[in-house]
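One structure is given below, encoded as structure tokens.
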Protein chains: 2
Amino acid sequence: MALGKDYNGQDCTLSRALELLGERWTLLVVQNAIYGVRRFSDFQKRLDIPKAVLADRLANLTEGGVLERRPYQASPPRYEYVPTEAGVELWPVIYQLGVWGKRHIGGEPPRLFRHAECGGDLLPSTDCVRCGPLHPGDIEMYPGPGPKRDDPVSRAMNRPRRLLEPLVPEAS
Amino acid sequence: MALGKDYNGQDCTLSRALELLGERWTLLVVQNAIYGVRRFSDFQKRLDIPKAVLADRLANLTEGGVLERRPYQASPPRYEYVPTEAGVELWPVIYQLGVWGKRHIGGEPPRLFRHAECGGDLLPSTDCVRCGPLHPGDIEMYPGPGPKRDDPVSRAMNRPRRLLEPLVPEAS
DNA sequence: GCTCCTTGGTTCGGTCAATGAACTCACTGG
DNA sequence: CCAGTGAGTTCATTGACCGAACCAAGGAGC
């Protein structure tokens with residue numbers, strides 16, 4: 001999908017968005033970034049994705065302005081990937097696709113969402129049922145009935161926490 | 001993405017949705033179905049997609065309950081693909097991804113949307129700015145400033161028309 | 001000072017999917 | 001009888017994805 005053989009000749013803005021986001025794994029990477037995953041190895045633990053593919057996706061998303069790559073320590077240079085404003089604005093798309101999957105494909109969701117302030121549920125639009133539109137940072141994620149992965153990153157993610165809050169896995 | 005090598009081990013409903021919808025071309029096929037494209041050859045004219053891939057995507061979407069394949073004539077048996085209720089419910093996702101692409105990747109949209117009854121613009125959520133939530137059938141699509149394809153199907157699509165209304169290309 | 005471990009990748013062969021061109025088949029209209 | 005259309009299928013080539021192995025730059029332990 002990436003270079004050359006893209007959605008050339010397509011005339012809609014959707015095709016341009018899909019050129020960046022439509023590859024395998026890409027939206028799942030963005031989803032986890034919004035859930036608070038920051039580091040290369042944590043993405044890898046949670047997604048079980050080949051490292052070469054993950055490196056490619058992170059580079060594309062960084063170049064596309066969805067994630068920002070920034071150093072979090074200097075001595076061995078290490079980088080983390082955080083969602084930009086553009087990345088955060090993908091939250092409604094990601095949430096709604098998840099809701100659609102639950103409704104039409106089935107299965108229980110492993111995590112649920114509510115307005116952190118008032119505890120209100122989210123509408124399919126990501127609005128709070130009581131308070132209206134929410135910024136993702138005001139949404140709390142908490143464990144639901146569905147199956148959960150059992151790696152350190154996923155375990156950290158299954159404690160109640162806000163979206164965008166950096167995720168720190170337990171020290172193994 | 002399709003068989004076997006899927007998002008196995010992923011625990012979220014998003015990954016299940018992407019298993020059906022995340023392949024190359026799939027969301028563009030659904031988008032065009034919502035825009036009113038019905039026939040195999042019309043999808044092909046508008047998307048410039050290899051026929052083998054189009055046949056595969058239509059079969060997957062039909063099996064996944066997003067499109068319905070139904071005969072529109074019997075003598076040489078011919079079928080058309082129409083969005084199911086589940087397919088129509090993908091409209092907010094498709095619209096929002098398009099809006100995101102316009103905002104963050106740029107480019108002018110070839111088609112715009114408004115509430116057919118009152119002429120009001122759409123919010124990013126697909127709600128009418130004046131009247132609130134809309135069914136896709138109440139949304140009118142009309143030409144915008146962006147570039148347009150120049151095939152018979154796209155020309156028919158660039159006349160003002162409602163979503164979901166079957167598209168009949170000019171008789172060449 | 002030496003060795004092992006962790007993080008964040010890169011390289012590589014094998015496999016799987018996408019592409020475009022050619023072909024099929026059942027009609028239909030002239 | 002012949003060309004044309006709609007809806008595909010078949011096939012060889014190219015590109016993408018996969019998992020495993022490898023690499024490099026620091027620590028940590030001894």
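Please treat every number below as a calculation from the coordinates, not as lab data. Bear in mind the structure is a predicted one, so any value in this text is a computation, not a measurement. Don't worry about glycine lacking a Cβ; one is built from the backbone with ideal geometry, like all the others, and counts go over all protein chains shown.
Here is the short version for chain B: B:Cys12, B:Cys118 have no other Cys C-beta closer than 4.7 Å. Within 9 Å, Cβ to Cβ, of B:Leu163, how many net charges do the neighbouring residues add up to if Lys/Arg are +1 and Asp/Glu are -1? Computed value for this residue: -1.
From the label point of A:Pro77, set 7 Å from Cα along Cα→Cβ, how far away are the matching label points in the other copies, in nm, ordered shortest to longest? Going from nearest to farthest copy, the values are 6.3 nm. Label point of A:Pro50 (7 Å along Cα→beta-carbon): distances to the other copies' equivalent points are 1.9 nm, sorted ascending. If you take the alpha carbon atoms of the protein assembly as shown and fit the smallest convex hull around them, that volume is 145 Å³ per residue. Pairs of Lys residues in the protein assembly as shown that lie 8 or more places apart, or on two chains, and have C-alpha atoms under 17 angstrom apart add up to 6.
Separation of the stretch A:141-172 from the stretch A:38-113 is 14 Å, based on Cα centroids. Within the stretch B:34-76, the percentage of alpha carbon pairs spaced more than 17 angstrom apart rounds to 35%. Net charge of the neighbourhood of B:Glu68, taken over other residues with C-beta under 13 Å away and scored Lys/Arg +1, Asp/Glu -1, is 0. Once the Cβ-Cβ distance of B:Arg162 and A:Asp48 is raised to the sixth power relative to R0 = 45 Å, the FRET efficiency obtained is 0.55. Taking other residues whose beta carbon is less than 9 angstrom from the beta carbon of B:Ser154, and scoring Lys, Arg as +1 and Asp, Glu as -1, yields +2.
In nanometres and ascending order, the distances from the A:Pro145 label point to those of the other copies are 5.0 (point 7 Å from Cα along Cα→Cβ).
Mean residue ellipticity at 222 nm, helices only, chain A: -10500 deg cm²/dmol; runs of at least 4 DSSP H residues each add -39,500 (n - 2.57), and the sum is divided by the number of residues. Report, as a whole number in µm² per second, the diffusion coefficient that Stokes-Einstein gives for the stretch B:101-154 at 4 °C and 1.567 mPa s using the Kirkwood radius over alpha carbon pairs. In µm²/s, the coefficient rounds to 106. Ranking B:Ser75, B:Ile139, B:Gly65 by Cα position along the charge dipole of chain B, where only Lys, Arg, Asp and Glu carry charges on their C-beta atoms, puts B:Ser75 farthest toward the positive end. Each label point was placed 7 Å from the Cα along the Cα-to-Cβ direction; for A:Ala74 and B:Arg103 their separation is 3.6 nm. Each of A:Glu23, B:Glu85 was scored by other Cβ atoms within 10 Å of its Cβ. Arranged with the fewest first, they read B:Glu85, A:Glu23. Basic side chains Lys and Arg get +1 at the Cβ, acidic Asp and Glu get -1 at the Cβ, and with that the dipole of the stretch A:13-162 about its Cα centre reaches some 480 debye.
Within 10 Å of the Cβ of each residue in B:19-30, the mean number of Cβ atoms contributed by other protein chains is 5. Take every Cα-Cα pair in the stretch B:1-153 and report what % of them are more than 20 Å apart. When every Cα pair of the stretch B:1-153 is considered, 56 percent fall beyond 20 Å. Note on B:Glu140 and B:Glu170: their simple-model spin labels are 2.1 nm apart, each label 7 Å out from Cα toward Cβ.
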